[in-house]
Amino acid sequence: QQQVKQSPQSLIVQKGGISIINCAYENTAFDYFPWYQQFPGKGPALLIAIRPDVSEKKEGRFTISFNKSAKQFSLHIMDSQPGDSATYFCAATPGGNKLTFGTGTQLKVEL
Amino acid sequence: EPEVTQTPSHQVTQMGQEVILRCVPISNHLYFYWYRQILGQKVEFLVSFYNNEISEKSEIFDDQFSVERPDGSNFTLKIRSTKLEDSAMYFCASSETGWETQYFGPGTRLLVL
């Protein structure tokens, strides 16, 4: 019940395209859902986060869509760029404290 | 911009040896965490620490692990007797409120031979 399932495992997108990564959870106590971006050899860096009281949050080219009834949330990267090539992790936490991470998505944006 | 720092960046040790991984959290943060990431796998929670005590730990965090805040700036993870399966990247994180954003350090890559 603590798991966060993430898909796809890897994703190749053309420059300028839309990258979509999906996550699903079961624990209804989760109330904060961040997305982290990780470059090789670096620590995860917070990209964008959402609480379940809103269905969408947008910051620049990055948008989180949240479906509370389906217990699913997704990251959309608009106008994907080669510099977006990284591993993306969704995560969830019940009221802060420990983060439960998804399994990660390796995104490659090709020219 | 303030950041979490970790030392060393890489550590190689022999099985059975003790290692101490060091972290300097962001200065006004009160909540501290250790996570690990085995190569190619997801990031896993180890322990959270607040007000000089452990607030939560995972099943991975057994008696071989301990954490300490020896002074006002450092936060350490000690592995008493390392095993081969402890080889991983260890990330320290800190949070101001404990409710939202956790900021991660660059990690220490531990290799146990």
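By a 1.4 Å probe calculation restricted to protein chains, B:L113 has an accessible surface near 100 Å², given to the nearest 10.
Remark: the protein assembly as shown carries a charge dipole of roughly 460 debye about the Cα centre, counting +1 on each Lys and Arg Cβ and -1 on each Asp and Glu Cβ. In the range A:4-109, the alpha-carbon atoms span a convex hull of 89 Å³ per residue. Leaving out ligands, DNA and RNA, and with a 1.4 Å probe, what % of the accessible surface on chain A is carbon or sulfur? It is 49 percent, rounded to a whole number. Across q = 0.13 Å⁻¹, the protein assembly as shown modelled as identical point scatterers on its alpha-carbon atoms has Debye log10 I(q)/I(0) values of -0.76, in the order of the q list. In sequence order, the range A:53-67 has phi-based couplings of 7, 10, 9, 7, 9, 10, 9, x, 7, 9, 9, 9, 10, 10, 10 Hz under the Karplus curve 6.51 cos²θ - 1.76 cosθ + 1.60, θ = phi - 60°, and Gly or Pro positions carry x. Under the simplified labelling scheme, the A:D53-A:N22 pair shows an inter-label distance of 2.9 nm, with each label point 7 Å from Cα along Cα→Cβ. Between A and B, roughly 1700 Å² of accessible area is buried in total, ligands, DNA and RNA not counted and the probe set to 1.4 Å. Under 5 Å from the amide H of B:M15 lie the amide H atoms of B:L113, each residue being 5 or more positions distant or on a separate chain, with H modelled from the backbone and absent for Pro and chain starts. In terms of Cα atoms, the Rg and Dmax of the range B:5-112 work out to 12.9, 38 Å.
Within a straight-line Cα-Cα reach of under 16 Å, A:K58 can be paired with the following aspartates and glutamates, leaving aside sequence neighbours fewer than 8 residues apart in one chain: A:D79.
The values are calculated or read from the model by the stated rules, or taken from the named source; none is laboratory data. All values reported here derive from a predicted model rather than from experimental measurement. Because the Cβ atoms are built from the backbone with ideal geometry, glycine has one as well, and the counts that use them run over all protein chains shown. Surface areas here come from the heavy atoms of the whole protein model, side chains and all, with no ligands, DNA or RNA. Shrake-Rupley method; radii C 1.70, N 1.55, O 1.52, S 1.80 Å.
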